[in-house]
Structures are given as structure tokens and as C-alpha cells.
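Trainee: Pasting a structure here, questions to come.
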Amino acid sequence: MLSLSVIFGGISRAQDLEERVVEHTFKNGLKVLILERHASPTVATSIIYKVGSSDEEEGYTGIAHLLEHMLFKGTKTLGTNDYAKESPLLKQIEKTGAALDNELRKRGGSDRDKTDRLKKGLKQLQEEHKTFIVRNEFSEIYAASGGTGYNAWTSVDATNYIINLPSNKLELWAAIESDRMKNHILREYYQERDVVMEERRSRFENNPEGTIYEQLIISSFENSPYKHPVIGL
């Protein structure tokens, strides 16, 4: 795991970059890299987790990318108006959603009546859950604090969360990001999974260029975990 907090200088100073970077590793293995520059009172932050699609196994691809999406959903204190009341409902959603998945994947075909009943039950639970959700609270807090460029991405080797902030908001960033990683709650899992599946359909399955590129990568790295598409199969 790597935490990288930097404000980069221009290309002309690249030759002395190594000498200007301060590095510190905490007891828990977290590595912090800091490049100080006084051109503006801002800080550009980047948290890199050394995990991506190449760390996944056959049949479980796309998990790193989906988790990247899910970690925008909030924590026990952010993204909810009452976690104590929300928590039991989340467990019901998880149980019902898992039962639906198992039924749909059943060999020999699923029971239509049972499937319809589970779908209806899941939809009702999701509607009830909406009353507890505070959407986009991470981004709204950052925006109110002068943040820009708030985003994340997943690759074959890493997952990265980035944002630019006024330098006097660095402690706020540390508090939010540590809460995100320690106390995250995977809200709206089934809805977000559908979003990712639609993303895959539009970019690859319904896109000839995407299909060809995906097959090229799979063929080129046939015996390597780098064949796993970031978005999953």
C-alpha cells in the first residue's frame, strides 16, 4: 500500500526530483512520499493501493474495479443519516441479493416464481434503504473545502484515489481518506454492480473495437494474470 502526497514541479526540474522527495514508512507498512513546492498554497494528493486486476483469480475478475466504485459510497458516519438503523437493513439486502444470485446461477435453470419473489423483495428493501442514504457526501465535503479533480481509477497493478486541495485542508483529507478505508460501508452494491456491468456492455460487448482489444489482451497474456480485464469478464 502506498500513500503519495505530492505537488509536482515542471519537467525542467525532473533531474533533481529524487533529491527533493521526502519518504517515510510507517509501522503498518504505509509509505508516504512528499514533494514540497511553494508555487501555490495547494496540495495534490494521490493514494495508491498496490492491487488491481492482475491480482484477481479466474471467475472473480473485476473485483478491484468494483470495489473502487463502492468506496465512494461512504462510511459509518459519511453517506448515511443513521447508520444504527441502516445496518440491519443492509444485512437484509445482502441476504436477499445473495439468495437471488444463487437462484439465478442454479444449474438446470432457476425457479421463476422464486426469482420474481426475490427480485421484488430486493427492490422493496432497496427503496427503504434510500431513506438512509446521503449521496455524494465525500465529494460535497471536498468541493465545499475547495477541492478539485476528485476521482479514482483502477489498473492492472493499482487502484488510485486523487484530489487537489488547499494546503490547509490536508488534515481534512487525511481524516476522510482514513475513514473511507477503515470504516467503509458497501452501500447500493447491487445497483453499482449493474452500473459496472452496463459499463462493460457499452465499452466492450457492444463495441467492436473494445471487443477486439479485449481479445488481443487475453490472447497476448494467455498464461499471465495480466490477461484479466480491469472491468472484469
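Trainee: Using a 1.4 Å probe over the heavy atoms of the protein chains, calculate the carbon and sulfur portion of the accessible area of segment 88-178 as a whole percent.
Mentor: Carbon with sulfur: 49 percent of the solvent-accessible area.
Trainee: With only Lys, Arg, Asp and Glu charged, each at its Cβ (+1 for the first two, -1 for the last two), find how big the charge dipole of the chain is about the Cα centre; round to the nearest 20 debye.
Mentor: 660 debye
Trainee: Around Ser53, under 15 Å between beta carbons, what's the net of Lys plus Arg minus Asp minus Glu among the other residues?
Mentor: Values: positive: Lys50, Arg200, Arg203, Lys227; negative: Asp55, Glu56, Glu57, Glu58, Glu68, Asp157, Glu199, Glu214.
Net of charged neighbours comes to -4.
Trainee: Another question, then. Over the chain, with a Gaussian network built from C-alpha contacts below 10 Å, which listed residue (Met197, Met70, Met181) shows the highest mean-square fluctuation?
Mentor: Met181
Trainee: Using a basic spin-label model with each label point 7 Å from the Cα along Cα→Cβ, how many nm lie between Asp16 and Arg203?
Mentor: According to this spin-label approximation, the distance is 4.0 nm.
Trainee: Right, here's the next one. For the pairs Lys91/Lys123; Lys95/Lys130; Lys73/Lys120; Lys85/Lys130, note any where the Cα-Cα span goes beyond 20 Å.
Mentor: Violating the 20 Å Cα-Cα cut-off are Lys73/Lys120.
Trainee: Can you give the extra length, in nm with one decimal, that the chain gains between Leu89 and Asn183 once fully stretched, where that is 0.36 nm per residue apart less the Cα-Cα distance?
Mentor: 32.1 nm
Trainee: Where Rh denotes the Kirkwood radius from the mean inverse Cα pair distance, what is Rg over Rh for segment 112-232? Please list the in-between numbers first.
Mentor: Working: Rg = 19.3 Å, Rh = 18.1 Å.
Dividing the radius of gyration by the Kirkwood radius yields 1.07.
Trainee: I'd like the orientation of helix 83-104 relative to the chain: the angle between its Cα long axis and the longest Cα principal axis, in ° from 0 to 90, rounded to 10.
Mentor: Between the helix axis and the principal axis of the chain, the angle is about 60 degrees.
Trainee: What ranking of Asp179, Asp157, Asp16 comes out by heavy-atom accessible area, probe 1.4 Å, highest first?
Mentor: Final ranking, largest accessible area leading: Asp157, Asp16, Asp179.
Trainee: Please report how far the C-alpha centroid of segment 36-101 lies from that of segment 110-169, rounded to the nearest whole angstrom.
Mentor: 7 Å
Trainee: In segment 45-204, if the dipole is taken from +1 on Lys/Arg beta carbons and -1 on Asp/Glu beta carbons about the Cα centre, which of Gly79, Gly147, Ala174 is farthest to the positive end?
Mentor: Gly79
Trainee: Grab the beta carbon distance between Lys106 and Gln191, set R0 = 22 Å, and tell me the FRET efficiency rounded to 0.05.
Mentor: Taking R0 as 22 Å, the efficiency between Lys106 and Gln191 is 0.45.
The values are calculated or read from the model by the stated rules, or taken from the named source; none is laboratory data. If you're wondering where the values come from, they're calculated on a predicted model, not measured in any experiment. Here Cβ is always computed from backbone atoms with ideal geometry, including for glycine, and neighbour counts include all displayed protein chains. These area figures cover heavy atoms from the full protein model, side chains too; ligands, DNA and RNA do not enter into them. Shrake-Rupley method; radii C 1.70, N 1.55, O 1.52, S 1.80 Å.
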